[in-house]
Amino acid sequence: MRHFAIATAFLCVCSALLVAQSGPNDARAREIFKELIEINTTDTPNGNVTKAAEAVAARLKVAGFPAADMQVLGPDPRKGNLVARLRGTGAKRPVLLLAHLDVVEAKREDWSIDPFTLIEKEGFFYGRGTSDDKSMASQLVANVIRLKEEGWKGERDLILALTADEEGGTFNGVDWLVKNHRQLVDAEFAINEGGGGSMRNGKYLTNEIQASEKVFQDFRLEVTNSGGHSSLPVKDNAIYHLAEGLAKLAKFDFPVEMNEVTRGYFQRSADVQSDPKVAADMRAVARPSPDLAAAARLSASLPYYNAQMRTTCIATRLNGGHANNALPQMASANVNCRVLPGVSPAAVKDKLVEVLADPKIKVTSVGEATPSKPSPLRPDVMGVVESLTKQMFPGVIVVPVMSTGATDGLYLRNGEIPTYGVDGTFGDVEDVRAHGRDERVGVKQFYEGLEFQYRLIKELSK
Ligand SMILES: [Zn+2]
């Protein structure tokens, strides 16, 4: 999923865009985009990711990619992943260019238009996947074909991986490739979704580079009791135990803990804040020892700021009792935690037990969290993103971000391939339609993103 929602209080200092249009590549990207949008790649009986991967392979073949440098492979006939390589001199290790081909289900009756037909109207491309993530996939395909045509030979190979089951399903392509075909995707670092440009009312605000993700972990809280007739109540009641525990959890906050990415986020965001008090608070939390009063003010002002500074755990489901006239024999809740990278889920569990402070509430982990290692803010990658952003979008600041949700970057980061979410395609912070109805991307923004990405991968593979 794309990362949004943070630029809610930014002051815009941007001027007009200076984008050199590259006609033939625009037309090519649009054609690929149309083809990919119109192949249903949902995780449903109607969906087939392999078809999309093969459509791309056919285009690469026409563009002159040798058969030995591309393949469609996967653990399931409908979940094929495309991996292709544009060879450089090999002086440096490759860069991996990743996008997912699968999309979230979209029903015709929920949309005002057909979700599986690319429609261009009033300055937007509409269709399932136009923002998540077939825009990026099409841009990557068009750009590697352009580079191939231009005879580009960088020091690094460019590896293109277009994969299955990022949005769900049981055959996550990146996980499978890293585990089974490491040599095909092995790279010094990777470019992925998860970042991108934020704008509001047409004004460009920030270009985000996602370098880190929080870790998802559910816990089940359960109280059991022998129960009995509700006409003869006793004080030892499963629902009361659980409710009191949850009330304590509601008042609890995990401690503020900053890392390289979140410090960078607040530091840079401070520079474009319209409110000087908020700017001062942002600088105060970015210091080596964060100012806790400033952290408390920021947390209260925006859930996003709070989520950047600490692990969060929140009750999301509640269940209990079995009859209106019976004492409850069981009461349970699901608590969903988003754990800061580097904090162990076991430590979070211990903390929950301590906060609930009731031995009757049994706490168990639901599933096992996949840890996610933050990627270091490499000066070469950051430097290129900064200078291209300055060139193409004057006045826009580059902000490192930690996603509060997860992307496929998780599998690469855990496979020791640092991963950066960046794409240069701007979307309105108040018009996020990924996974929703009438998903869309701006036509102008799509072509700008195409050109930004072209320059980015060329610079990075130089
Ligand atoms: Zn996505």
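The values are calculated or read from the model by the stated rules, or taken from the named source; none is laboratory data. Everything quoted here is computed from the prediction, not taken from an experiment. Backbone-built Cβ (ideal geometry, glycine too); neighbour counts: all protein chains shown. The protein model used for the area step is the full one, side chains on, heavy atoms only, and it has no ligands, DNA or RNA in it. Shrake-Rupley method; radii C 1.70, N 1.55, O 1.52, S 1.80 Å.
Some points to look at:
- Angle in degrees between helix 443-461 and the longest Cα principal axis of the chain, rounded to the nearest 10: 80
- Residues of the chain: accessible area per residue with a 1.4 Å probe, Å²: 42
- Degrees, to the nearest 10: 23-37 long Cα axis against longest axis of the chain: 40
- Whether region 268-347 is rounded, prolate or oblate, judged on the alpha carbon gyration tensor where a/c under 1.5 counts as rounded: prolate
- Per-residue ellipticity at 222 nm, computed for the chain from helices alone with -39500 (n - 2.57) per DSSP H run of at least four residues, works out to -11000 deg cm²/dmol.
- Ligands, DNA and RNA left out, the accessible area of region 41-131 computed with a 1.4 Å probe is 50% carbon and sulfur.
- Percent carbon-and-sulfur accessible area, region 159-242, ignoring ligands, DNA and RNA, probe 1.4 Å: 55
- Positive-end residue of 67, 164, 40, charge dipole of the chain with Cβ unit charges: 67
- Pairs of Cα atoms in region 374-445 fall into 5 Å distance bins, from 0 up to the last occupied one, in shares of 3, 12, 19, 21, 20, 16, 8, 1 percent.
- Magnitude of the charge dipole for region 264-372, about its Cα centre and with charges confined to Cβ atoms of Lys, Arg (+1) and Asp, Glu (-1), is about 40 debye.
- Annotation note: GluC sites (Glu not before Pro) in region 430-462 located in DSSP loop regions with a Cβ neighbour count of at most 14 within 10 Å are 430.
- Cα-based Rg of region 47-110 normalised by 2.2 N^0.38 Å, two decimals: 1.36
- 5 angstrom amide H check on residue 419, placed H, neighbours 5+ away: 190, 375
- DSSP bridge pairs, region 91-179: antiparallel proportion in percent, nearest 5: 35
- Of all aspartates and glutamates in the structure, the ones whose alpha carbon falls short of 13 Å from that of residue 214, not counting any fewer than 8 places away in one chain, are 257, 408.
- For region 150-277, the spread of Cα positions along the three principal axes, ordered from largest to smallest, is 84, 51, 30 Å.
- Residue 308 sits among other residues whose Cβ lies under 11 Å from its own Cβ, and their net charge, with Lys and Arg +1 and Asp and Glu -1, is +3.
- Carbon + sulfur, % of accessible area of region 271-426 - ligands and nucleic acids excluded, 1.4 Å: 56
- Top positive-direction residue, dipole computed over region 71-148 with Cβ charges, set 103, 142, 84: 84
- Reach of residue 61 by Cα under 25 Å, taken over lysines that are not fewer than 8 positions away in the same chain: 34, 51, 79, 134, 148, 153, 458, 462
- Antiparallel %, DSSP beta bridges [both residues in the chain], to 5: 65
- Cα-based Kirkwood hydrodynamic radius, the chain, one decimal, Å: 23.6
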